[in-house]
Amino acid sequence: MTKNNTYNNWLTSISGEDALIIAGPCSAETEEQVLQTAKGVKKAGAHIFRAGIWKPRTRPGNFEGVGAIGLKWVQKAKAQTGLITAVEVANPHHVELALSHDIDILWIGARTSVNPFSVQEIADALKGVKKTVLVKNPINPDLALWIGALERIEKAGIENLGAIHRGFSSYKKMPYRNEPLWQIPIDLKTRFPDLPLINDPSHISGKHENVFDIAQTAIQLMFDGLMIETHIQPEKAWSDARQQITPETLASFIPKFIPPNDRVFNAGLLKTFKLLRKDIDDIDAELVQLLRQRQEKIEEIGRLKLNDNVAIYQKDRWLDILSKAVHNAEENNINQKFVEQLFRLLHQESLKIQHRVFKQSQSPSIDN
């Protein structure tokens with residue numbers, strides 16, 4: 001993708017300097033529900049009305065959306081409220097139907113963006129179309145796959161492009177429905193600073209009580225907007241009832257979503273930042289040196305294991321290291337989960353280093 005300002009034109013023309021707010025129900029259920037929700041999010045201050053028309057479900061037999069009839073309700077909501085409209089599309093037929101009902105914004109969901117073939121089919125259907133297209137991150141944490149999906153849409157000639165961060169699936173038990181893994185969208189924004197990046201706190205949280213905190217985190221991380229699932233009666237929603245909020249709750253959230261100023265500092269604050277950042281740079285340099293020393297010790301242990309034919313993986317030693325690390329984290333008031341994840345990475349690297357030592361010793365020598 002190109003690094004230019006084209007991407008931002010469509011977003012700022014809608015929301016100005018404010019965070020872009022996209023809101024609406026997970027699923028369009030009835031005409032009345034769509035119209036009342038649209039009016040509610042309009043009153044709350046949202047810029048764009050979203051509604052799920054086709055719902056890809058994990059297992060058959062669940063509600064999979066009302067289909068094309070819902071597009072007429074969204075079209076009617078647009079006429080009554082003046083809101084820009086957005087729906088998810090998962091194949092060329094969806095694209096054709098959405099375009100025929102004058103939907104303004106199409107987004108590609110996480111279950112679709114994971115498949116390059118599906119994305120390419122949608123991209124082909126979008127050639128020559130002057131619409132805004134948003135691409136959600138794939139369900140698995142793969143930045144290259146996300147970028148690839150965005151590139152396919154851009155190469156179809158779509159100039160108004162954006163990305164949606166909705167978190168990543170995990171087999172682990174988590175406090176959220178999907179892991180935020182904030183570094184991945186931050187890396188995307190670092191590589192393409194002018195690409196609008198929107199956060200979907202509803203799908204990350206899975207619970208309405210966590211939506212605000214996740215949304216606020218996204219705003220503090222300089223995301224350009226939010227997509228928040230909103231329903232007039234969340235408890236009666238036909239899909240994802242637990243994560244939706246009411247238009248009234250949305251109205252109470254929006255005034256608090258004020259993007260932080262990342263450019264203007266007073267002289268005293270700027271000086272303090274520079275001093276603290278210098279300290280952090282020094283600590284980071286020291287950490288790298290310590291990691292180098294640790295690697296040297298691991299290589300030495302690897303050679304000793306090789307000489308005495310000792311297995312690389314030592315379960316009791318690893319569990320002892322992990323236990324001590326978590327205990328030390330608790331003693332020093334550091335997030336224990338973070339320290340555990342960090343030491344798992346260190347252990348993984350340790351195994352790789354020792355394996356490399358073994359492999360190098362087993363490589364056949366070549367006589368010159």
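The values are calculated or read from the model by the stated rules, or taken from the named source; none is laboratory data. All values derive from a computational prediction rather than experimental measurement. All Cβ positions, even for glycine, are placed from backbone atoms using ideal geometry, and neighbour counts span all protein chains on display.
Counted as qualifying within segment 12-113 are no strands (runs of 3 or more DSSP E), as none has 1 or more residues that are surrounded by fewer than 22 Cβ atoms within 10 Å (Cβ to Cβ) and of a type in the set (S, T, Y). Filtered by the rule that a residue be surrounded by 19 or more Cβ atoms within 10 Å (Cβ to Cβ) and of a type in the set (V, I, T), segment 198-218 gives I198, I204, V211, I214. For the criterion of being within 16 Å of P25 (Cα to Cα), aliphatic (A, V, I, L, M) and in the same structural domain as G162 (by TED's automatic domain parsing), I84 passes. Collect the residues in segment 191-230 that are assigned to a loop (DSSP other than H, G, I, E, B) and either of a type outside the set (K, R) or closer than 13 Å to I21 by Cβ (or both), keeping them in residue-number order. Those that are assigned to a loop (DSSP other than H, G, I, E, B) and either of a type outside the set (K, R) or closer than 13 Å to I21 by Cβ (or both): F192, P193, D194, L195, P196, D200, G206, L221, M222, F223, D224.
Residue-by-condition table, conditions (1) at pLDDT 95 or above; (2) over 15 Å from L221 (Cβ atoms); (3) part of a strand (DSSP E or B):
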position: E154; (1), (2), (3): yes, yes, no
position: G162; (1), (2), (3): yes, yes, yes
position: R177; (1), (2), (3): no, yes, no
position: L181; (1), (2), (3): no, no, no
position: K189; (1), (2), (3): no, no, no
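The set of residues in segment 163-190 being free of Cβ contacts under 8 Å to residues at least 40 places away in the same chain, out of contact with any Lys or Arg (no Cβ under 9 Å at 6 or more places or on another chain) and crowded, with 18+ Cβ neighbours inside 10 Å consists of F168, P180, K189.
Taking into account only those residues within segment 133-161 that are touching a strand residue (DSSP E or B) at 6+ places or on another chain (Cβ under 8 Å) and β-branched (V, I, T), which is surrounded by the most Cβ atoms within 10 Å (Cβ to Cβ)? For segment 133-161, the residue satisfying everything is V135. Can you go through L106, L97 and tell me which one is out of contact with any Cys (no Cβ under 6 Å at 6 or more places or on another chain), closer than 25 Å to L20 by Cα and at pLDDT 95 or above? Exactly one residue qualifies, and that residue is L106. Under 18 Å from P196 (Cβ atoms) and touching a His at 6+ places or on another chain (Cβ under 7 Å), is that true of N160? It is false that N160 is under 18 Å from P196 (Cβ atoms) and touching a His at 6+ places or on another chain (Cβ under 7 Å).
Being outside the structural domain of L181 (by TED's automatic domain parsing), within 23 Å of P175 (Cβ to Cβ) and either surrounded by 12 or more Cβ atoms within 10 Å (Cβ to Cβ) or not acidic (D, E) (or both) is a property that I298 lacks.
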